[in-house]
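A short write-up of the structure that comes next.
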Amino acid sequence: MLWYKKLHNWIILGLVLGLGYGILAAGMGWGAFTQDWISPFGDIFLRSLFLIAVPLIIASITTGIASLSDTRKLARIGGKTIGIYVSTTVAALIIGLILVNTLRPGDSVPDSVRTELESQWGEMAEQRQESAEAAQDRGPLQAFVDMVPDNFFGSAGSNRNMLQMVFVSILLGISLLLIPTEKAKPLLGFLDSLNAVIIKVVQLIMYSAPVGVFALLADTVTLISEDNLSELWGLLGALGFYMLVVLAGLILHMTITYGSIVGFLTPVSLIRFIKGIAPAQLVAFSTSSSGATLPVTMEMSEKNLGVSEEVSAFVLPLGATINMDGTALYQAVAAVFIAQTVGIALGFSAQLEIILLAVLASIGTAAVPSAGIIMLIIILQSVGVPAAGIALILGVDRILDMCRTTCNVTGDATVATLVASTEGQLDTPRA
């Protein structure tokens with residue numbers, strides 16, 4: 001097939017052109033023009049994906065659960081899915097902590113650079129700290145309380161409440177599984193039709209992906225540079241080592257953990273897996289949102305990897321809300337990096353606490369851009385590191401957010417492939 005007939009090639013072209021334009025716009029001072037005439041196309045693309053996220057979760061999870069033969073099968077698939085998600089998150093944290101303790105990027109930050117970063121990003125750090133304090137002043141079981149909505153339509157009106165929508169969908173699916181077939185058939189027919197319509201909407205939206213990706217990346221570069229290209233290079237230079245450690249951790253996790261799962265535990269070849277999930281990875285990179293990428297992840301997993309709709313409909317929406325391997329790894333590296341920079345030594349017990357908190361935080365972190373920074377503040381405060389230290393990393397957070405979201409989405413597809421394989425519901429496409 002000719003290269004121009006493949007959508008992911010056009011998305012890659014959009015990424016490259018967006019990066020190039022962003023650098024040019026920063027050097028030429030085109031920030032205002034970019035915000036007025038380029039960024040809106042990225043916002044439209046992102047809003048279009050968010051538009052269908054909630055109905056997709058409700059339709060896919062509910063019909064997926066209701067299609068299971070009995071509740072024992074649901075318990076088996078659900079337990080298996082959550083167990084694998086938690087295991088990969090722990091693996092990501094261990095990789096991140098080994099790298100940051102071995103390479104010690106915080107020791108390379110000069111005092112003058114630290115002072116400048118704290119001054120430049122201090123105001124934003126205070127705002128994030130206030131949000132984190134509000135989240136921290138909650139009881140130990142509040143996370144479970146937050147999973148249960150008190151108003152369905154109110155929860156459905158915000159993409160930050162996706163975990164609540166997952167809960168409602170699971171409850172509906174189990175209920176449909178338990179009532180007589182003739183009673184369940186009308187609602188299942190409606191949801192099945194809704195699911196088919198949403199999948200078609202995804203396909204239509206993806207035609208605009210190259211333009212949306214171009215606009216999102218151009219917007220990101222110009223916002224970070226603030227119409228000053230030297231400032232962009234200076235920021236990347238000052239925090240370059242830290243960024244490399246995070247990126248190395250993400251790459252190692254995707255290569256070792258996900259590569260081993262796909263290569264040794266499923267019949268899908270690594271090459272086919274990478275090619276199959278690439279469009280979802282590219283959308284995740286540009287949107288920085290697992291939730292917005294969910295429709296694409298589901299389509300690519302079913303179409304290219306052979307994951308059954310039954311498994312995809314349950315595993316992937318759940319993963320978009322609780323599987324945040326990339327975010328957890330980033331939080332571990334960032335917490336230790338900030339501690340190193342300000343001269344605080346974190347012992348074994350403190351880093352063990354980081355692992356525990358990051359695993360729990362990954363479950364409750366919203367699948368939207370930069371939500372992980374709020375949970376990072378809570379982790380910092382828990383291990384005795386000044387939360388104001390996030391000012392050191394806020395300047396490059398957006399770039400790393402794009403990378404860790406790509407890791408999260410790759411993890412979702414990996415687990416869906418493994419679960420489908422163990423359940424005999426993996427239709428491996430022919431080469």
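The values are calculated or read from the model by the stated rules, or taken from the named source; none is laboratory data. Not measured: the values here are computed from a predicted model. Neighbour counts run over all protein chains shown; Cβ positions are idealised from the backbone, glycine included. These area figures cover heavy atoms from the full protein model, side chains too; ligands, DNA and RNA do not enter into them. Shrake-Rupley method; radii C 1.70, N 1.55, O 1.52, S 1.80 Å.
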I want to verify the translational diffusion coefficient of the range 193-301 in µm²/s; compute it with Stokes-Einstein, Rh as the Kirkwood radius over Cα pairs, at 25 °C and 0.890 mPa s.
149 µm²/s
So what are the ³J(HN,Hα) numbers for the range 323-328, from phi and the Karplus equation (6.51, -1.76, 1.60; θ = phi - 60°), rounded to whole Hz, Gly and Pro as x?
9, 10, 4, x, 5, 5
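Any chance you could run the full-extension gain for L51 through L204? It's 0.36 nm times the residue separation minus the Cα-Cα distance, nm to one decimal. Walk me through the numbers before you get to the answer.
Working: separation 153, 0.36 × 153 = 55.08 nm, distance 1.32 nm.
Residue separation times 0.36 nm, minus the Cα-Cα distance, leaves 53.8 nm.
Grab the beta carbon distance between Q425 and D150, set R0 = 35 Å, and tell me the FRET efficiency rounded to 0.05. Please report the intermediate quantities before stating the final value.
Values: r = 35 Å, r/R0 = 1.01.
E between Q425 and D150, to the nearest 0.05, is 0.50.
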Per residue of the chain, what 222 nm ellipticity follows from adding -39500 (n - 2.57) for every DSSP H run with n ≥ 4, rounded to the nearest 500?
-25500 deg cm²/dmol
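Which value, in Å³ per residue, describes the convex hull spanned by the Cα atoms of the range 142-213? Before the final figure, lay out the partial values.
Working: hull volume 8.5 nm³, N = 72.
Dividing the Cα hull volume of the range 142-213 by its residues yields 118 Å³.
Mind ordering 37-43, 299-305, 327-333 by average Cβ neighbours within 10 Å, highest first?
Details: 37-43: 16.6, 299-305: 21.1, 327-333: 29.9.
Order by mean packing, descending: 327-333, 299-305, 37-43.
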Apply the Karplus curve 6.51 cos²θ - 1.76 cosθ + 1.60, θ = phi - 60°, to the phi angles in the range 285-292 and return the couplings in whole Hz, x for Gly and Pro.
5, 7, 8, 6, 9, 5, x, 5
Between W37 and L7, take the C-beta separation as r, use R0 = 30 Å, and let me know the FRET efficiency to the nearest 0.05.
0.75
Between S269 and D107, what's the calculated FRET efficiency when r is the beta-carbon distance and R0 is 41 Å? Round to 0.05.
0.50
Along the charge dipole of the range 188-314, pointing to its positive end and built from +1/-1 on Cβ of Lys, Arg, Asp and Glu, which listed residue (M243, L204, M300) has its Cα farthest out?
M300
Simple SL model, points at 7 angstrom along Cα→Cβ for V86 and M28; separation in nm is 5.4 nm
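If I compute solvent accessible area with a 1.4 Å probe over the protein chains, what percent of it on the chain is carbon and sulfur? Write out the running numbers ahead of the final one.
Details: 12060 of 18510 Å².
Whole-percent figure for carbon plus sulfur exposure: 65.
If you take the alpha carbon radius of gyration of the chain and divide it by 2.2 N^0.38 Å, what ratio comes out, to two decimals?
That works out to 0.97 for the chain.
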Solvent-accessible area per residue, Å², over the chain with all protein chains present [probe radius 1.4 Å]:
43 Å²
Would you kindly state how much longer the chain becomes between L360 and S260 on full extension, computed as 0.36 nm times their sequence separation minus their alpha carbon distance, in nm to one decimal?
33.6 nm
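Between K183 and L352, what length in nm is gained on full extension when 0.36 nm per residue of separation is reduced by their alpha carbon distance? Kindly include the intermediate steps, with their values, before the conclusion.
Numbers: separation 169, 0.36 × 169 = 60.84 nm, distance 5.01 nm.
Contour length minus Cα-Cα distance gives 55.8 nm.
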